[in-house]
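First the structure, in the form of structure tokens, and then the observations on it.
The values are calculated or read from the model by the stated rules, or taken from the named source; none is laboratory data. Every value quoted in this text rests on a predicted model; they were computed, and no experiment measured them. Ideal geometry is used to build each Cβ from the backbone, glycine not excepted, and the neighbour counts take in all protein chains shown. Ligands, DNA and RNA are stripped out before the accessible areas are found, and what is left, the full protein with its side chains, is counted by its heavy atoms. Shrake-Rupley method; radii C 1.70, N 1.55, O 1.52, S 1.80 Å.
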Amino acid sequence: MRDLCGLAVDAALGAGAPYADARAVFRRSQSVSTKNGRVEAVSDVESEGIGVRVLVDGAWGFAGDSRLTEAGARDAALRACAFARAAGGRGTRELAPVERQRGTYRPSVEIDPFSVSLADKVDLCLRAEKGLSRPEVKVAEAFVRAQSEHKVLVTSEGTDVEQEFVECGGGIDAMAVGDGITQIRSYPSAHGGLSAQAGWEYVLGLNFEREAPRVAEQAAALLRAPECPAGVLDVVIDAEQLELQMHESVGHPTELDRVLGSEASYAGTSFLHPDDIGSLRYGSEHMNVTADPTTPGGLGTFGFDDEGVAAAPRPIVREGVLVGWLGSREVGFPGSMRADNWSRMPLVRMTNLHLEPGEGTLDDLIAGVDRGLYVETNKSWSIDDKRLNFQFGTQIAWEIADGKLGRMVRDATYTGITPQFWGSLDAVAGPDAWRLHGLTNCGKGQPGQHAHVSHGTAPARFRNAQVGFRS
């Protein structure tokens, strides 16, 4: 694949492009899902190809080809140059200078997920489903996934890097129905479970069979639980829900392409402005956010991004102040460019975006609340295209009274305005409570791309949040 990438770059330069890069990718993706004791779906798909990106007269051009051959590489390069010329650039486009990179990246994997048979994966899902069995649970589901990828990137500036990635993950869901009410509980997360850059050992460590009875019991209990009360209360948010709060209200608004308006027609813009860096108060002094593509196990972990920039941690928020962006060479903040496959052009994407831990435990956070709510596991979310006004719903919640958990409540929601909400953050639990959560459904771009990203979070406490539905 390295030789083909080099050939594509040479072809682009020969066609008049002053800059070119080529990515060759081979990917295998596998998934298994079961539902109510039956196999719902099995998928095992391979994909390969080469994508070439060029600059001609200040305009970008991109083309891909599914043939990993000399003809495919050359054709992709020439079409990319033709597309750039058709776009009609206006002069030059400067890219931030970066060091030429040579190297490899491979994650630590104990058990190759593709050494585990499909039959064994189906059996794991069916065993997990048995643990969800209760009269109230009408739909029981389990699912697992695995992915491997081999990628080579060569640029006209001399970068030549090779990377391998391995991912695994899964989850279980129990949907309970009774008296006209439907409730769901998921583990370890909703909307596709959780994944990590690791081997099959990660899935085994999730221990679905152990957790399934608890998940089913809570789903059934929610049918009898009262609705979440409405009011202004202190809220303690568990680590899993907080990772989505981070993703939607911190990750996307700090993507500099959104800030500059290039995603306005689809994914939206941002409430932030380019000159906010170093001065905008994003949250309280307890808010420290880092983008770190070196985090072990993270779905956003790599050796080099898709512009060949070496992975390195970058501060985004420090003591509540915006100090950095997720960006690219073009916008002057390199290091966050990724494409979801060979057939797509790289975009500014989250890598691993973390809320740094504070001190203490979840119990300590709850003990500091006189009257409030503890919420777990995302159920729904809505946020405007500037990432400013939001509402999140969770699968389950408990009232807090005098520093102790009280009765379970269902259909919990909370709303807020991003900087005001993060400004009410008054405590984050410590390192022992910090967990890494991997998501595979982050959508952006036209044509659409789905990035795999991770967020490290610990439970956190927010004061005076609006919860429940106001009449």
Open item on the list: When you scan segment 222-244, do you find a residue that is in contact with a Ser or Thr (Cβ under 9 Å, 6 or more places away or on another chain) and farther than 26 Å from GLN420 by Cα, even just one?
Closed with: yes
Open item on the list: Of everything in segment 263-293, what is without any contact (Cβ under 8 Å) to a residue 40 or more places away in the chain and surrounded by 17 or more Cβ atoms within 10 Å (Cβ to Cβ)? Give them in sequence order.
Closed with: none
Open item on the list: Just the residues that are open to solvent by less than 30 Å² (accessible area, probe 1.4 Å) and within 23 Å of THR301 (Cβ to Cβ), please, taken from segment 446-471.
Closed with: GLN449, ALA451, VAL453, SER454, HIS455, GLY456, THR457, ALA458
Task: Residue check for ASP340: among the acidic types (Asp, Glu), farther than 18 Å from TRP434 by Cβ and open to solvent by 30 Å² or more (accessible area, probe 1.4 Å) - done: yes
Task: Residue among LEU439, LEU388 that alone is in contact with a strand residue (DSSP E or B) (Cβ under 7 Å, 6 or more places away or on another chain) and open to solvent by 40 Å² or more (accessible area, probe 1.4 Å) - done: LEU388
TODO: Pairs only if they're at least six apart or on different chains, beta carbon under 8 angstrom, first in segment 356-367 and under 19 Å from HIS437 (Cβ atoms), second open to solvent by 50 Å² or more (accessible area, probe 1.4 Å); list them, first residue then second.
DONE: PRO357/PRO431; PRO357/TRP434; GLY358/HIS286; THR361/ASP432
Open item on the list: Can you find, within segment 96-129, the residue that is farthest from THR34 (Cα to Cα) among those that are open to solvent by 50 Å² or more (accessible area, probe 1.4 Å) and of a type in the set (Asp, Glu)?
Closed with: GLU99
Open item on the list: Residues to consider are GLY335, GLY261, GLY268; find the one that is assigned to a loop (DSSP other than H, G, I, E, B), of a type outside the set (Phe, Trp, Tyr) and at pLDDT 95 or above.
Closed with: GLY335
Task: Every residue from segment 338-377 that is outside any loop (DSSP other than H, G, I, E, B), in contact with a Gly (Cβ under 8 Å, 6 or more places away or on another chain) and farther than 16 Å from HIS452 by Cα - done: LEU355, ILE366, ALA367
TODO: Filter segment 155-171 for residues that are within 20 Å of the chain's Cα centre (by Cα) and open to solvent by 20 Å² or more (accessible area, probe 1.4 Å) and give the result.
DONE: GLU164, PHE165, VAL166
- [ ] Check ALA86, ALA41, ALA76, ALA80 and return the single one that is open to solvent by 40 Å² or more (accessible area, probe 1.4 Å), small (Gly, Ala, Ser), out of contact with any Cys (no Cβ under 7 Å at 6 or more places or on another chain) and not in a strand (DSSP E or B).
- [x] ALA86
